[in-house]
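These notes are about the structure you will find just below.
The values are calculated or read from the model by the stated rules, or taken from the named source; none is laboratory data. Since we're looking at a predicted model, the values are computed, not measured. Here the Cβ positions follow ideal geometry from the backbone for every residue, glycine too, while neighbour counts run over all protein chains shown.
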Amino acid sequence: MIRVILPPHLRTLAQVRGDVELEVGRPVTQRSVLDALEVRYPMLRGTIRDHYTQQRRPFLRFFACEEDLSHESPDAPLPDAVASGAEPLIILGAIAGG
Amino acid sequence: MSKVRVLVGTRKGAFVLTSDGKRDKWSVSGPHFAGWEIYHVKGSPADPNRLYASQSSGWFGQVIQRSNDGGLTWEPVGNKFAYDGVPGTHQWYDGTPHPWEFKRVWHLEPSLTDPETIYAGVEDAAFFRSTDGGKNWEELSGLRGHGSGPKWQPGAGGMCLHTIILDPSDPRRIFIAISAAGAFRTDDAGKTWKPINQGLRSAQIPDPTAEVGHCVHHIAMHPSRPGVLFMQKHWDVMRSDNAGDSWTEVSGNLPTDFGFAIDVHAHEPETIYVVPIKSDGEHFPPEGKLRVYRSRSGGNEWEALTKGLPQQDCYVNVLRDAMAVDSLDKCGVYFGTTGGQVYASADSGDSWAPIVRDLPAVLSVEVQTLP
């Protein structure tokens, strides 16, 4: 089971509390996790990545295992600790604005 | 007794203000969608409990919310706004070509007859329609494909389609306005469009009387006279008596003819309201006095309405979609400020009182008159 931590505004939008747990097939990548997330919560489509280009929205970041994975390929395997569920994939808003 | 529901969009959420027909005691609900920019909230004339809201954020993009119970509960619907075909380019601020990019929905205009049909005006300027209650959106690309699109340029707030007016006497006729392209009209339900800017004069563009390029801030119409339009342009208050084919200036004795908001009295088609703002460089009322100006003659002769409004040290702005009227016997007039106040008048503007004083900056105000 993959664990995903959403930023508070997206938790509110998706009406979830705490971590999201998802079944994701192998290999576990940013793309496969986000695909599963958007199937479970269709209202999140377009809020994390662009509808068409599938690129990460500029002010969002993907962290895991104390690493910034935002600039990794969406098809690169996520760390084993994320794939095993030991560590969450953290989606968070960049510090910007007021 | 009739009720009034005021729908307020702000920089940090939506608020629903309700009162009975006396309009002296109000209840405040919100913030809905706290922390998000709510550019516009509007109810369906065909089903007043069906509301639509444009929710957006620099982090998370665009969401459209829908309510079926007058704003008590909401559900997100479709947020996929795809330009039809290859979007092409418009002019950037420096005059260079810039690709069309969707940024946000500025204005939502529900159909007059069908709660499931709604129009959206977006930035970068384009006109969209949904016929399934906001789940799916299609661009009516005849507007952007009009031919003048490559000449359109953003105003300071972005290249936004901010005004949509549906003609109650002719479902095929729609008026829209874009900053800074100007006003356009379709007579075939959005297939083809013509610019309706003849008579506008804008010193800020190379050809002051060009067909397109004018920074129209807002347009208002009385439903009983759909051929008569009133416009607050960047500078100048204008009037058209032929559905936009030509315009004449009616700024008259206003202290400044810069401003954003304009609206028409619910029962007196020649009574109009504006909020003069000092200038494009100083977005606040002249002399620090917040004054609504009313003309009972369709323009040119204006009177200041000040009772109950701050007359010193007031430096707020009133944005283009932040004024509305109700349709009770004694017409109510409402406007919101960038300082977070929403003012109401239950006597056609003669006197004012704040409904709320400390909301986030107000982006839009709409009013529903309910049985």
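Within segment B:297-309, can one find any residue that is acidic (Asp, Glu) and either closer than 26 Å to B:Lys22 by Cβ or in contact with a helix residue (DSSP H, G or I) (Cβ under 8 Å, 6 or more places away or on another chain) (or both)? Write out each step before concluding.
Kept after step one, since they are acidic (Asp, Glu), are these residues of segment B:297-309: B:301, B:303.
Retained after the next criterion (residues that are either closer than 26 Å to B:Lys22 by Cβ or in contact with a helix residue (DSSP H, G or I) (Cβ under 8 Å, 6 or more places away or on another chain) (or both)): B:303.
Looking for residues that are acidic (Asp, Glu) and either closer than 26 Å to B:Lys22 by Cβ or in contact with a helix residue (DSSP H, G or I) (Cβ under 8 Å, 6 or more places away or on another chain) (or both), one finds at least one in segment B:297-309, hence yes.
Could you tell me which of the residues B:Gly78, B:Gly85 is on the phi > 0 side of the Ramachandran plot and either within 12 Å of another protein chain (Cβ to nearest Cβ) or part of a loop (DSSP other than H, G, I, E, B) (or both)?
From the options B:Gly78, B:Gly85, the qualifying one is B:Gly85.
For the structure I just gave you, tell me whether B:Ala14 is surrounded by fewer than 24 Cβ atoms within 10 Å (Cβ to Cβ), touching a Pro at 6+ places or on another chain (Cβ under 9 Å), more than 12 Å from chain A (Cβ to nearest Cβ) and among the aliphatic types (A, V, I, L, M).
Considered against the rule, which asks whether it is surrounded by fewer than 24 Cβ atoms within 10 Å (Cβ to Cβ), touching a Pro at 6+ places or on another chain (Cβ under 9 Å), more than 12 Å from chain A (Cβ to nearest Cβ) and among the aliphatic types (A, V, I, L, M), B:Ala14 comes out as no.
Considering only segment B:294-305, state which residues are surrounded by 15 or more Cβ atoms within 10 Å (Cβ to Cβ) and assigned to a loop (DSSP other than H, G, I, E, B). Step through it out loud before you land on a result.
First pass over segment B:294-305, keeping only residues surrounded by 15 or more Cβ atoms within 10 Å (Cβ to Cβ): B:294-295, B:298-300, B:302, B:304-305.
Once the filter is applied, which keeps residues that are surrounded by 15 or more Cβ atoms within 10 Å (Cβ to Cβ) and assigned to a loop (DSSP other than H, G, I, E, B), segment B:294-305 yields B:Gly298, B:Gly299, B:Asn300, B:Trp302.
Mind listing just one residue for me: the one in segment B:32-55 that is farther than 30 Å from B:Pro168 by Cα and surrounded by fewer than 18 Cβ atoms within 10 Å (Cβ to Cβ) and, of those, nearest to the other protein chains (Cβ to nearest Cβ)?
In this case the residue turns out to be B:Gly35.
Tell me the residue from B:Pro310, B:Pro269 that is surrounded by fewer than 23 Cβ atoms within 10 Å (Cβ to Cβ) and in contact with a Lys or Arg (Cβ under 6 Å, 6 or more places away or on another chain), please. Give the steps one after another, and end with the answer.
Numbers: B:Pro310 fails: in contact with a Lys or Arg (Cβ under 6 Å, 6 or more places away or on another chain).
Testing whether each residue is surrounded by fewer than 23 Cβ atoms within 10 Å (Cβ to Cβ) and in contact with a Lys or Arg (Cβ under 6 Å, 6 or more places away or on another chain) leaves just B:Pro269.
For segment B:56-68, name all the residues that are within 15 Å of B:Gly30 (Cα to Cα) and more than 10 Å from chain A (Cβ to nearest Cβ).
Scanning segment B:56-68 gives a single hit, B:Ser67.
Do we find a residue being more than 14 Å from chain A (Cβ to nearest Cβ), under 17 Å from the mean Cα position of the chain (by Cα), surrounded by fewer than 22 Cβ atoms within 10 Å (Cβ to Cβ) and hydrophobic (A, V, I, L, M, F, W, C) anywhere in segment B:92-112?
yes
I'm trying to understand the selection: among the residues of segment B:318-346, which are hydroxyl-bearing (Ser, Thr, Tyr) and either at positive phi or not in a loop (DSSP other than H, G, I, E, B) (or both)?
First pass over segment B:318-346, keeping only residues hydroxyl-bearing (Ser, Thr, Tyr): B:327, B:334, B:337-338, B:343, B:345.
Of everything in segment B:318-346, those that are hydroxyl-bearing (Ser, Thr, Tyr) and either at positive phi or not in a loop (DSSP other than H, G, I, E, B) (or both) turn out to be B:Tyr334, B:Tyr343, B:Ser345.
Please go through segment B:273-313 and give me each residue that is closer than 24 Å to B:Tyr39 by Cβ, of a type in the set (A, V, I, L, M, F, W, C) and touching a Gly at 6+ places or on another chain (Cβ under 7 Å), ordered by number.
Answer for segment B:273-313, where residues must be closer than 24 Å to B:Tyr39 by Cβ, of a type in the set (A, V, I, L, M, F, W, C) and touching a Gly at 6+ places or on another chain (Cβ under 7 Å): B:Val274, B:Val275, B:Ile277, B:Val292.
Can we say B:Gln198 is part of a loop (DSSP other than H, G, I, E, B), at pLDDT below 95 and not hydrophobic (A, V, I, L, M, F, W, C)?
When the stated conditions are applied, B:Gln198 does not pass them.
Inspect all residues belonging to segment B:349-359 and state whether any of them is within 16 Å of the chain's Cα centre (by Cα), in a strand (DSSP E or B) and either more than 25 Å from B:Pro48 (Cβ to Cβ) or in contact (Cβ under 8 Å) with a residue 12 or more places away in the chain (or both).
Within segment B:349-359, none of the residues are within 16 Å of the chain's Cα centre (by Cα), in a strand (DSSP E or B) and either more than 25 Å from B:Pro48 (Cβ to Cβ) or in contact (Cβ under 8 Å) with a residue 12 or more places away in the chain (or both).
Could you list all residues from segment B:68-91 that are polar (S, T, N, Q) and either surrounded by 12 or more Cβ atoms within 10 Å (Cβ to Cβ) or touching an Asp or Glu at 6+ places or on another chain (Cβ under 8 Å) (or both)?
Once the filter is applied, which keeps residues that are polar (S, T, N, Q) and either surrounded by 12 or more Cβ atoms within 10 Å (Cβ to Cβ) or touching an Asp or Glu at 6+ places or on another chain (Cβ under 8 Å) (or both), segment B:68-91 yields B:Asn68, B:Asn79, B:Thr89, B:Gln91.
Table: residues versus (1) more than 15 Å from the chain's Cα centre (by Cα); (2) without any contact (Cβ under 8 Å) to a residue 60 or more places away in the chain.
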residue	(1), (2)
B:Val212	yes, no
B:Met221	no, yes
B:Pro226	yes, yes
B:Lys233	no, yes
B:Leu254	yes, yes
B:Ser295	yes, yes
B:Gly299	yes, no
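Tell me, yes or no, whether segment B:8-17 has at least one residue that is modelled with pLDDT of 95 or more, assigned to a loop (DSSP other than H, G, I, E, B) and closer than 19 Å to A:Thr12 by Cβ.
Step one: of segment B:8-17, the residues modelled with pLDDT of 95 or more are B:8-17.
So of that shortlist, the ones also assigned to a loop (DSSP other than H, G, I, E, B) come out as B:11-12.
Then drop every residue that is not closer than 19 Å to A:Thr12 by Cβ, which leaves B:11-12.
Scanning segment B:8-17, I find at least one residue that is modelled with pLDDT of 95 or more, assigned to a loop (DSSP other than H, G, I, E, B) and closer than 19 Å to A:Thr12 by Cβ, so the answer is yes.
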